[in-house]
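Some notes on the structure that comes next.
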Amino acid sequence: MLDDRKTAILRAVVQEYIATAQPVGSTHVADAPGVRVSSATVRNEMAVLEQEGYLVQPHTSAGRIPTDKGYRFFVDHMAAPGVLDRDAQTRVGQFFDTAHGRLEEMLHRTSNLLAQVTHHAAVVVGPRVETATIRSAQVVSLSARHATAVVVLSNGSVENQTFESATDISELRCSAASAHLAAHLVGRPLDDMGQVPPTGDDAVDQICAAAVAALGELRAEEPVFVGGASAMASAFDAVDTVRTVLHTLEQQYVIVSLVRDILDRGLSVAIGAEHGIQPLAACSVIVKPVVVDGEQLGTVGVLGPTRMDYPQALATVEVVSDRLGRHLGDGSANG
């Protein structure tokens, strides 16, 4: 553990580097709150912090910048919880007060909102479709032998699958199939629909069986939405770093694995190499689960350079996670 003086010096370096992206010299740190010692003393203490792995000197004559270890100490021991400014609070509140429509579109817009407020790339991982409960089911005729099975789920998602029937799909048969499916599927998880009992009408039974089979093919992956990826272009000086980060953000399975691993390790902040994704070693990730009625139904997070404003980013992710969870909960309750 660092003593009070080293802690104050490290805090000053981290805060100044976050604000300016420039190596921090001893003269500036000497005037920082809580330090109040000579520049010579600061230089000696910064040298010790460098030896202990909290700071690094990028150039011989330059000041110091924090290492991943320095940022970790700052986040764990010094970063007071941030508070969203009034404009950001209003923006987030208005967004969720007026949010509506398909779940996928709302999650996509949430990722863009989070990116705009934080000025970092934002990630929103939605709930797995098959874990949701069916709230309504319907068959819609498309042609003589083709129809679409439509279900509204407890997570607010509307899913549809087109299928082909061996028998003619009349409006009358569609209505009968819709009523029968609604009677036997509503309240059941999408991944455990089971068998729908026969109606006694072979044609309607064939339509119901084809609809259930089609719904069983819905994808199991969590939907992933990345907003504000372009913000990463201005976050790094090195073009190669920008290119690598943007390429990685396009790989949804990597992002889902990254978010899940961070949460599984009990973390809310993964700094630099801590998250284990080498192409993102210059980035930190802040994540927060979206919880509805005690169940995790998704995750929101931001990804930015390691010199991100951690208190502000943590506060934003916290508020957006809370509001998204309340929105999904209200949608389930009102269904």
Within region 77-94, tally of residues that are part of a loop (DSSP other than H, G, I, E, B), more than 15 Å from D322 (Cβ to Cβ) and either at pLDDT 85 or above or touching a Leu at 6+ places or on another chain (Cβ under 6 Å) (or both): 1
Qualifying residue in region 123-130 (condition: in a helix (DSSP H, G or I), within 30 Å of D309 (Cβ to Cβ) and among the β-branched types (V, I, T)): no
Which numbered condition V259 misses (of (1) in a helix (DSSP H, G or I); (2) surrounded by fewer than 18 Cβ atoms within 10 Å (Cβ to Cβ); (3) of a type outside the set (S, T, N, Q)): (2)
Any hit, region 169-181, residues being among the β-branched types (V, I, T) and under 23 Å from the mean Cα position of the chain (by Cα): no
Complete set of residues in region 313-333 that are of a type outside the set (A, V, I, L, M) and closer than 14 Å to K288 by Cβ: T316, E318, S321, D322, R323, G325, R326
Single unsatisfied condition, I65 versus (1) closer than 14 Å to V13 by Cα; (2) touching a helix residue (DSSP H, G or I) at 6+ places or on another chain (Cβ under 8 Å); (3) not in a strand (DSSP E or B): (3)
Qualifying positions in region 170-201 - part of a loop (DSSP other than H, G, I, E, B), at pLDDT 90 or above and either among the β-branched types (V, I, T) or in contact with a Cys (Cβ under 6 Å, 6 or more places away or on another chain) (or both): V186, T199
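Can you find, within region 202-239, the residue that is farthest from E159 (Cα to Cα) among those that are at pLDDT 85 or above and exposed (fewer than 14 other Cβ atoms within 10 Å of the Cβ)?
Within region 202-239, the first condition is being at pLDDT 85 or above, and the residues that meet it are 202-215, 224-229.
Within this subset, residues satisfying the condition of being exposed (fewer than 14 other Cβ atoms within 10 Å of the Cβ) are 202, 213.
Values: D202: 26, A213: 14 Å.
Across region 202-239, the extreme among qualifying residues is D202.
Go through the residues of region 237-247 one by one and say whether even a single one is of a type in the set (V, I, T) and within 15 Å of the chain's Cα centre (by Cα). Please lay out each step first, then the result.
Taking region 237-247 first, the residues of a type in the set (V, I, T) are 239, 241-242, 244-245.
Then keep just the ones that are within 15 Å of the chain's Cα centre (by Cα); that gives none.
No; the residues of region 237-247 include none that is of a type in the set (V, I, T) and within 15 Å of the chain's Cα centre (by Cα).
For M46, are the conditions met, namely being over 17 Å from T306 (Cα atoms), over 28 Å from the mean Cα position of the chain (by Cα) and in a loop (DSSP other than H, G, I, E, B)? Reasoning before the result, please.
On the way: over 17 Å from T306 (Cα atoms): yes; over 28 Å from the mean Cα position of the chain (by Cα): yes; in a loop (DSSP other than H, G, I, E, B): no.
Judged against the criteria, M46 is not a match.
The values are calculated or read from the model by the stated rules, or taken from the named source; none is laboratory data. All figures in this text were calculated on a predicted structure; none of them were measured in a lab. Methodologically, a virtual Cβ is constructed for each residue, glycine included, from the backbone with ideal geometry; neighbour enumeration extends over all protein chains shown.
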